[in-house]
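K.L.:
Sharing a structure, written as structure tokens. Questions coming.
Each reported figure results from applying straightforward, stated rules to the coordinates on display, with no laboratory input. It should be emphasised that the depicted structure is a prediction, and the values quoted were computed from it without experimental measurement. Note that we place each Cβ from the backbone using ideal geometry, even for glycine, and neighbour counts take in every protein chain shown.
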Amino acid sequence: MVWLQLPADGVHEIFMWIERRLEGDRSARLRLDGSGWTLEKTARRGGKHLLWLLLSLWTGFTFVGYFVPIRDLAVQVMAWQGAWQIFWIAFYALATYGNAGFLREQVCKYMCPYARFQSAMFDKDTLIVSYDAARGEGRGPRAKDANYRAQGLGDCIDCTLCVQVCPVGIDIRDGLQYECIGCGLCIDACNSVMDKMHYPRGLVRWSTEQALAQRWSRAQMLRRVFRPRVLLYGAGLLAITVAMVTSLYVRVPLKVDVVRDRGTLSRIVAGGMMENIYRVQIGNATEVPQHYVLSASGLNGLRVASDTAVALGAAEDRWVVVRLQAPYGAAQPGSNPVVIEVRAQADPKIAVSAHTTFLAPR
Ligand code: SF4
Ligand code: SF4
């Protein structure tokens, strides 16, 4: 079964889509806001919030499903068990509901670091959503068939449609602004106006500051794509991608962490053996139950005196107590490096060696 995790931007779009389907476009929503409470208004508004809440809960559920086996999580939630899991699902759902339903562009403007980060990588040849001021100004209304050039007007009819559709509420005609998220909605809106007026499309379009200033053609503008800055960023991105894919490929789905027992440093036990005690955390990072075998090396005659077999469920994580024993005299007095190895029985390639120390009495 596929459990669909929705990205934050996607959730935002779906929230707006639900709103449009149930309450109509912006002007219809304003009318609905101003109208009294009728059965229809209650149904539309209530339906919107109900769908928003369901979608938020789904995003919360799939988010927590990254950290907890999602099939078990579904069973736990249905049985109303697992207080922490339910808390985090509710927390994430509430954050989604608030951010995508109410805060919206305020999140983009004030909370998202993307625009600030992007501005540091920016230059005059960066492709951005731009208003062609030389073509559009002076702006102003005119009759469809009027000789507007003779009236000193440009192609912008000042309909403000590009501002109305902007999700962050800016006017692209004021030039480059850090709030712009490059969604291109103003391009589509303006192109539809240009079509109606029988003017060429592209008054608002993807372009660069340099291309607009120099009146470059599209081909001239695209020739600037392969400049050192872009090649450098591209190489950096490629290196990160290769590193990520490699780390995923060589990733061992097993986590082992060893902590020495602070209560017992070292002791002599029956048979003249020295014994050290450890707490070992074993995490099964696979989606199936695993049986692990523990062994130790680093000293002559070193062995695991506690249980050498540990069974873990899918994605389970557990602390186990491990006792290591070595014959008296096999180690120098003081600290000796040793290795505790945990290996999956079903697949010996799934193995982790954890380095620790074995203390011998002086
Ligand atoms: S690209 Fe999107 S965010 Fe930027 S000005 Fe146009 S509509 Fe607004
Ligand atoms: S949509 Fe186009 S024509 Fe209308 S105000 Fe914006 S830039 Fe001008």
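K.L.:
Based on Cβ point charges of +1 for Lys and Arg and -1 for Asp and Glu, what charge dipole magnitude is obtained for the chain about its Cα centre, in debye rounded to the nearest 20? Could you put the intermediate results ahead of the total?
P.N.:
Details: 41 positive and 31 negative charges, 93 e Å.
Approximately 440 debye in magnitude.
K.L.:
Fewest to most neighbouring Cβ within 10 Å: what's the order for Leu39, Leu161, Leu73, Leu237?
P.N.:
Fewest to most other Cβ atoms nearby, the residues stand as Leu39, Leu237, Leu161, Leu73.
K.L.:
Within region 267-330, report the GluC sites (Glu not before Pro) that DSSP leaves as loop and that have at most 12 other Cβ atoms within 10 Å.
P.N.:
Hits after loop and neighbour filter: Glu287.
K.L.:
May I pose another question? Distance between Cα centroids, region 283-362 to region 9-26: provide it in whole Å.
P.N.:
54
K.L.:
Helix-derived [θ] at 222 nm for the chain: sum -39500 (n - 2.57) over DSSP H runs of at least 4, divide by residue count, nearest 500?
P.N.:
Calculated from helices alone, the mean residue ellipticity at 222 nm is -12000 deg cm²/dmol.
K.L.:
DSSP H helices in the chain with Cα extent of 15 Å or more along the helix axis and mean Kyte-Doolittle hydropathy at least 0.5?
P.N.:
83-98, 185-197, 228-250
K.L.:
In nm, to one decimal, how far is the Phe226 label point from the Leu53 one, both placed 7 Å along Cα→Cβ?
P.N.:
Taking the simple label geometry, Phe226 and Leu53 are separated by 5.7 nm.
K.L.:
What does the C-alpha gyration tensor say about the overall shape of region 117-199? Classify as rounded when a/c is under 1.5, otherwise prolate if a/b is larger than b/c, or oblate.
P.N.:
Judged from the Cα gyration tensor, region 117-199 comes out prolate (a/c at least 1.5, a/b above b/c).
K.L.:
If you don't mind, another one. Working out 0.36 nm times the residue gap between Arg135 and Met16, then minus their Cα-Cα distance, what length gain in nm do you get to one decimal?
P.N.:
Extra length available between Arg135 and Met16 comes to 39.6 nm.
K.L.:
Additional query: How much net charge surrounds Ile170 when only other residues with a Cβ under 11 Å from its Cβ are counted (Lys, Arg +1; Asp, Glu -1)? Could you put the intermediate results ahead of the total?
P.N.:
Values: positive: Lys109, Arg173; negative: Glu105, Asp171, Asp174, Glu179.
Around Ile170, the surrounding residues sum to -2.
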